[in-house]
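Let me begin by presenting the structure, written as structure tokens, before commenting on it.
Every number here is computed from the coordinates shown, using simple stated rules; none is lab data. These numbers come from a predicted model, not from an experiment. Cβ sites come from the backbone with ideal geometry, for glycine too, and all protein chains shown count toward neighbours.
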Amino acid sequence: MNLSLKDIVKDNVVRFSHYRAGYLYYSINVDNEGYSFPVPISDVGDATFLKEDKAILLMRYIRQSLSDKTFVKI
């Protein structure tokens, strides 16, 4: 996968997909391809996570997901 973090978050939107085992899963479309990444709820404190939001607001989790190889094509 040759996606840069900048290409993923620039002018893009994430959408909540589902919750499973302590993780919120969000999806994102990049270059007409869908990807999914997890957000650990243990790390969010009292933050509000919306059904749809700007990708740049979740950049921290996207970066971690790219590093952990949990940013997967769907």
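What is segment 5-73's relative contact order, in percent, from Cα pairs under 8 angstrom and six or more apart in sequence? Could the numbers behind the result be given before it?
Numbers: 105 pairs, mean separation 24.7, N = 69.
In percent, rounded to a whole number, it is 36.
Return the FRET efficiency for the residue pair THR48, LYS10: r is the Cβ-Cβ distance, R0 is 30 Å, and the value is rounded to the nearest 0.05. Mind dumping the intermediate values first?
Values: r = 23 Å, r/R0 = 0.77.
Given R0 = 30 Å and the Cβ-Cβ separation, E is 0.80.
Give the label of the value calculated from the structure for Kirkwood radius over Cα pairs in Å, choosing from (i) 11.9; (ii) 15.0; (iii) 12.3.
Recomputing Kirkwood radius over Cα pairs in Å here gives the entry labelled (iii).
Does anyone have the angle between helix 59-68 and the longest principal axis of the chain? Alpha-carbon axes, 0 to 90°, nearest 10?
80
Which order do peptides 31-39, 13-21 fall in by mean Cβ count within 10 Å, highest first? Mind dumping the intermediate values first?
Working: 31-39: 15.9, 13-21: 14.2.
Most protected by this proxy first, the peptides run 31-39, 13-21.
Could you please rank VAL44, VAL30, placing first whichever residue has the fewest other Cβ atoms within 10 Å of its Cβ? List each step's numbers first, then the result.
On the way: VAL44 12, VAL30 17.
Neighbour counts put them in this order, fewest first: VAL44, VAL30.
Mind checking which lysines have their C-alpha under 19 Å from LYS51, skipping anything on the same chain fewer than 8 residues away?
LYS10
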